[in-house]
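A quick write-up on the structure given underneath.
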Amino acid sequence: MADYETHHPAQAEGAAEELSTREHSSGPLPLITVGTTAAEGELPLPVEIEEKGETRAESASAPAGSASPHGQVARGASLVMLGNLGSSIMGMVRQIVIAALGKSVAGPFLAASVSMQAFYDFVINGSVDKALIPTFSDYVAPEKRQEFRQLVFTLVNVVTLLMLLIATGYALLAPFFVNFIAQGYTGAEKTLTLHYSQIIFFSLVGLGPFSVLLAALYTLREFGWPAFATAAFHIGIIIGVIVGALVGEQHFGQYGIACGVLVGAVGEILLLLPGIRRQKLGYLFTFQLRHPGIPRILKLYAPVAVSYFVLNVLLANFDLHLASLTPGDGAANVTALQNATRLLQFPIGLVASALAFSILPLLSVQANAGEEEQFKETLMAGIRLGLLVMIPAALGLIILRQPICDLIYRHGRYTQHDTILAATALQNYAYQLPFVAVDQLLMAAFFARKNTIVPVAVGFITILGYLAVALPGYSTIGMPALALANTVQNSSHALILLLIWRVQHGSLRLRKTLPALGKILLAAAAMGVIAWVLQMSLRHLPFFSPATTLGALLTVVVAGGVAAAVYFACILVLRVEEIHLLTRAVMAKLGRK
């Protein structure tokens, strides 16, 4: 049920096309982690596209061979982690504001948002890194700039018209869709879901061209404004909630939150304008459907679009349908699942997606050059870095789930009972975090080889894992079964990909990673014990009372902070190499070389 952030390809086709013919087919698949793909309005944050093994910015100054694959991955990942932070924080603020409205408003809004996001991912958002950037990169040379503009604005114009048709069509058919996704809601909640969805879907008219323009700016290495633009969507929703509260329900103020989605979509485009002007991407009213880039994009995106339709449009809406029918309160359960998802987006967006972003360009170069050993070394470096952060992140969220949810969500009309539901969902989602890191990196490896058929096929297979848990569990176990079903789906995706990789490309020599993995697990176990003991001990002290926001804050800060310090101290004592790489990378990006 939930949403989530994503990935990135690179390199022009030439040699890559040859490689894809030798290896497999081309294109990618949507990441199936925690429900839909990106958080509403969000897109992958930038990563520098590698050229001949190093970034263009570094190539002039860095001596050949001066940077190891480990260092390049860590430096790139740290840049994206820092870039994602602002958008993640605003997304969290947005979710807090939505939750504070109470489940009777949050449930309908989140159901409408997830449905819109699924269509957005399917039509255009999923193509940004999988088809648009790889194709746009063929036209970045100065002599091809006019072809580049023609391709970009042909897509902008076509996508704008397509999104307008989708939004209008949905507005007419919305009662049918809402009766399905909100079947278990009360009459008033169902009506509000209907109205929200009819308004929200018109944000696609702005989000569609935004995705195309964002891909163009990424290709031209214009990173600053796009990073800010992704946060504008959240800010728009927050403004809508504030204005709606000031207006009051008697003047239809409850619709402020839906109108805020439209404001956020416009804000995203406005924040791209400085970068568009800098890159001299003046608007063209053109429909050059015979441009050679169009069939290339369609070829790359076709298998991905199929998987997005099945896994995001159909499965995401089916998940909403089941959640609305779970025992208890359907709207409260939908809200709990979405709130738990937002918490997961911090480690996923800042670590797993960042690693996949930064590692893919380098893997693409190594795959094209036939550097098999370096390819595997880079991939394993990324996996070790991912596990280094994601294992303790999962454990910390599981152990401190209740004070975290109390601290973040127990405000306004969101009650203690609601936070218990969110904490339960968070626990069942968090088990998948280490597998998500491995999954995204393995998919980056397949993408680098222009192979999307395997990840897409595996995505379809893992639906069986979701259904095996969700169908018997939603009416008996209830909402936790849907979170666990998602965990089974995403975790099995990683395991199956790992098995197929071994069959197709040989061993990744995972045994060499076992010593580092053992040290990480040992350090995480020490961290977990400390976090649990401190939480149980502190709750009896007046200032740490779980019934107060201050108590939740102090518990998270003290228990979480001490446990994190113990973990990193153990990692240093145990001499896990990746911690030094990550620390040096972050310090370098902060200007402390």
Checked pairs for the stretch 529-556, first assigned to a loop (DSSP other than H, G, I, E, B), second basic (Lys, Arg) and surrounded by fewer than 18 Cβ atoms within 10 Å (Cβ to Cβ), C-beta under 9 Å and 6 or more apart or across chains, list as SER545/ARG539; PRO546/ARG539
Q. Any chance the stretch 40-53 includes a residue that's at pLDDT 70 or above and either open to solvent by less than 10 Å² (accessible area, probe 1.4 Å) or small (Gly, Ala, Ser) (or both)?
A. no
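Would you say SER127 is in contact (Cβ under 8 Å) with a residue 24 or more places away in the chain, assigned to a helix (DSSP H, G or I) and over 23 Å from HIS234 (Cα atoms)? Let's see the steps before the verdict.
Numbers: in contact (Cβ under 8 Å) with a residue 24 or more places away in the chain: yes; assigned to a helix (DSSP H, G or I): yes; over 23 Å from HIS234 (Cα atoms): no.
Taking the combined requirement at face value, the residue does not satisfy it.
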The one condition LYS130 fails out of (1) open to solvent by 30 Å² or more (accessible area, probe 1.4 Å); (2) among the basic types (Lys, Arg); (3) at pLDDT below 85 is (1)
From the option list GLY256, GLY240, GLY275, GLY264, single residue qualifying as more than 21 Å from ALA131 (Cα to Cα) and in contact with a His (Cβ under 8 Å, 6 or more places away or on another chain) is GLY264
How many residues of the stretch 390-413 are open to solvent by 40 Å² or more (accessible area, probe 1.4 Å) and over 17 Å from GLN338 (Cα atoms)? The answer is 2
Can you say whether TYR185 is touching a Gly at 6+ places or on another chain (Cβ under 8 Å), modelled with pLDDT of 85 or more and in a loop (DSSP other than H, G, I, E, B), as far as the supplied structure shows? yes
Within the stretch 504-520, of all residues that are part of a loop (DSSP other than H, G, I, E, B) and of a type outside the set (Gly, Ala, Ser), the one farthest from MET443 (Cα to Cα) is ARG509
When the stretch 528-587 is checked residue by residue, the ones that are at pLDDT 90 or above and either touching a His at 6+ places or on another chain (Cβ under 6 Å) or among the small types (Gly, Ala, Ser) (or both) are GLY528, ALA531, SER537, GLY551, ALA552, ALA559, GLY560, GLY561, ALA563, ALA564, ALA565, ALA569
>> Any residue that is open to solvent by less than 10 Å² (accessible area, probe 1.4 Å), modelled with pLDDT under 80 and either part of a helix (DSSP H, G or I) or not small (Gly, Ala, Ser) (or both) - is there at least one of those in the stretch 99-114?
In response: no
Of (1) part of a loop (DSSP other than H, G, I, E, B); (2) open to solvent by 20 Å² or more (accessible area, probe 1.4 Å); (3) closer than 20 Å to SER127 by Cα, PRO303 fails just (1)
Pairs returned, first residue in the stretch 285-297 that is among the polar types (S, T, N, Q), second residue that is open to solvent by less than 70 Å² (accessible area, probe 1.4 Å) and not in a loop (DSSP other than H, G, I, E, B), beta-carbon separation under 6 angstrom, 6 or more apart or interchain, are THR286/GLN150; THR286/PHE153; THR286/THR154; GLN288/GLN150; GLN288/THR154
**Prompt:** Taking ILE89, is it at pLDDT 90 or above and surrounded by fewer than 22 Cβ atoms within 10 Å (Cβ to Cβ)?
**Reply:** no
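Yes or no, residue by residue, for (1) among the aromatic types (Phe, Trp, Tyr); (2) under 15 Å from MET479 (Cα atoms):
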{"residue": "LEU300", "(1), (2)": "no, no"}
{"residue": "VAL313", "(1), (2)": "no, no"}
{"residue": "PHE318", "(1), (2)": "yes, yes"}
{"residue": "THR326", "(1), (2)": "no, yes"}
{"residue": "VAL334", "(1), (2)": "no, yes"}
{"residue": "LEU350", "(1), (2)": "no, no"}
{"residue": "SER353", "(1), (2)": "no, no"}
Checking VAL334, VAL306, VAL365, VAL351 in turn, the sole residue that is under 23 Å from ALA111 (Cβ atoms) and either among the β-branched types (Val, Ile, Thr) or at pLDDT 80 or above (or both) turns out to be VAL334
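Of everything in the stretch 317-331, what is open to solvent by 10 Å² or more (accessible area, probe 1.4 Å) and either in a helix (DSSP H, G or I) or of a type in the set (Lys, Arg) (or both)? Give them in sequence order.
Selection gives ASN317, PHE318, HIS321.
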Going residue by residue through the stretch 155-163, is there one that turns out to be open to solvent by 30 Å² or more (accessible area, probe 1.4 Å), touching a helix residue (DSSP H, G or I) at 6+ places or on another chain (Cβ under 6 Å) and at pLDDT 90 or above?
yes
Of GLN427, GLN416, GLN440, GLN432, the only residue that is surrounded by fewer than 23 Cβ atoms within 10 Å (Cβ to Cβ) and under 20 Å from the mean Cα position of the chain (by Cα) is GLN427
Would it be correct to say that ASN486 is outside any helix (DSSP H, G or I), within 30 Å of GLY126 (Cβ to Cβ) and either at pLDDT below 95 or open to solvent by less than 30 Å² (accessible area, probe 1.4 Å) (or both)? no
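The values are calculated or read from the model by the stated rules, or taken from the named source; none is laboratory data. Computed from a prediction, not measured in an experiment: that's the story for all the values here. A quick note on method: Cβ atoms are made from the backbone with ideal geometry, for glycine too, and the neighbour counts reach across all protein chains shown. Protein only, heavy atoms only, side chains kept; ligands, DNA and RNA dropped before computing areas. Shrake-Rupley method; radii C 1.70, N 1.55, O 1.52, S 1.80 Å.
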